[in-house]
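The structure under discussion appears below in the form of structure tokens.
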Amino acid sequence: MAKVLLLNGSAKPNGCTATALQEMIRIFEEEGIQTELIQVGNRDIRGCVACNSCGRTGKCVFDDLVNEVAPKFAEADGLVVGSPVYYGSPNGTILAFMDRLFYSTSFSKHLKVGAAVVSARRGGNTASFDVLNKYFTISGMPVASSTYWNQVHGFTAEDVKKDLEGLQTMRNLARNMAFMIRAFADAKKTYGAPEMEHEFFTSFPDGK
Ligand SMILES: Cc1cc2nc3c(=O)[nH]c(=O)nc-3n(C[C@H](O)[C@H](O)[C@H](O)COP(=O)(O)O)c2cc1C
């Protein structure tokens with residue numbers, strides 16, 4: 001059974017971001033896709049210190065939720081990252097988490113479907129959305145889209161429930177993601193995954 005992991009960057013397990021993610025979960029369930037929602041934003045997650053010990057050990061030096069989620073991400077067919085907008089950016093906790101999750105893991109993320117979801121009272125949505133999508137687009141992960149940029153508006157969960165277009169965007173996003181996950185699984189069987197080259201790390205002529 002296909003599986004989607006959803007991360008909630010908000011400290012509030014029943015807040016605005018959670019309301020958007022729950023709307024997606026409802027559709028994933030209808031589509032027969034297994035889900036796991038992980039509450040990230042109320043945890044004490046520090047940032048990456050660039051020690052590069054993960055390059056030797058395959059896991060982050062700080063043994064916390066990042067290392068717990070890493071094997072789940074390795075197994076998942078899709079990843080949704082949700083965040084409230086703080087001062088026009090994703091919130092600090094989810095950024096610290098995503099930096100460490102993506103940097104410390106060496107398994108292939110190629111063709112896992114990614115989607116970013118943001119929740120704002122009023123502004124900074126699209127800038128935050130762009131930041132979160134960058135984790136996917138450096139990792140060979142196709143990005144699912146919807147009928148608007150993936151955002152809801154509100155200060156409370158009750159506000160988001162009134163954002164009918166925002167919730168519609170979440171439902172359509174989940175349907176597109178479910179379709180992409182199934183289509184990629186079929187295409188991998190038929191054509192195999194495209195080859196990825198990793199030989200070059202810089203663009204200097206001497207390769208250093
Ligand atoms: C520190 C902080 C900064 C915020 N900055 C913004 C902002 O730049 N733009 C905005 O529209 N809302 C901002 N908000 C409001 C939240 O993003 C918004 O209420 C969001 O929907 C809350 O989601 P949650 O309930 O999932 O935490 C901010 C809230 C906090 C606590």
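Only residues in the stretch 16-35 that are part of a helix (DSSP H, G or I) count as the first member; pair them with residues that are away from the ligand (no atom under 15 Å from the Cβ) and among the β-branched types (Val, Ile, Thr), Cβ under 6 angstrom, at least 6 apart or cross-chain, and list the lot.
Filtered contacts from the stretch 16-35: Ile25/Thr35; Phe28/Val4; Phe28/Thr35.
Could you list, in sequence order, all residues of the stretch 112-168 that are among the polar types (S, T, N, Q) and under 30 Å from Met196 (Cβ atoms)? Full working, then the answer.
The initial filter retains those residues of the stretch 112-168 that are among the polar types (S, T, N, Q), namely 119, 125-126, 128, 133, 137, 139, 145-147, 150-151, 156, 168.
Correct list: Thr126, Ser128, Asn133, Thr137, Ser139, Ser145, Ser146, Asn150.
Checking the condition within 16 Å of the ligand (Cβ to nearest atom), acidic (Asp, Glu), farther than 30 Å from Ala187 by Cβ and touching a residue at least 24 places away in the same chain (Cβ under 8 Å), which residue from Asp163, Asp159 passes?
Sole residue among the options that is within 16 Å of the ligand (Cβ to nearest atom), acidic (Asp, Glu), farther than 30 Å from Ala187 by Cβ and touching a residue at least 24 places away in the same chain (Cβ under 8 Å): Asp159.
Of all residues in the stretch 157-208, which are surrounded by 10 or more Cβ atoms within 10 Å (Cβ to Cβ) and hydroxyl-bearing (Ser, Thr, Tyr)?
Of everything in the stretch 157-208, just one residue is surrounded by 10 or more Cβ atoms within 10 Å (Cβ to Cβ) and hydroxyl-bearing (Ser, Thr, Tyr), namely Thr169.
Restricting to the stretch 68-91, count the residues that are farther than 12 Å from Ala115 by Cβ, more than 13 Å from the ligand (Cβ to nearest atom) and either in a strand (DSSP E or B) or without any contact (Cβ under 8 Å) to a residue 24 or more places away in the chain (or both).
Summing the residues that are farther than 12 Å from Ala115 by Cβ, more than 13 Å from the ligand (Cβ to nearest atom) and either in a strand (DSSP E or B) or without any contact (Cβ under 8 Å) to a residue 24 or more places away in the chain (or both) in the stretch 68-91 gives 2.
Given the structure, is Gly15 crowded, with 17+ Cβ neighbours inside 10 Å and under 16 Å from the mean Cα position of the chain (by Cα)?
When the stated conditions are applied, Gly15 does not pass them.
Taking the stretch 113-136 as the search range and keeping residues that are more than 10 Å from the chain's Cα centre (by Cα) and buried (at least 24 other Cβ atoms within 10 Å of the Cβ), which one is farthest from Thr35 (Cα to Cα)?
Per the stated criteria, the residue is Ser128.
Just give me the residues in the stretch 27-41 being within 20 Å of Lys72 (Cα to Cα) and more than 17 Å from the chain's Cα centre (by Cα), in sequence order.
Glu29, Gly32
Where a number appears in this text, it was derived from the coordinates with a stated rule and is not lab data. These numbers were taken from a predicted model, which means no experiment stands behind them. Note: ideal-geometry Cβ built from the backbone for every residue, glycine included; neighbour counts use all protein chains shown.
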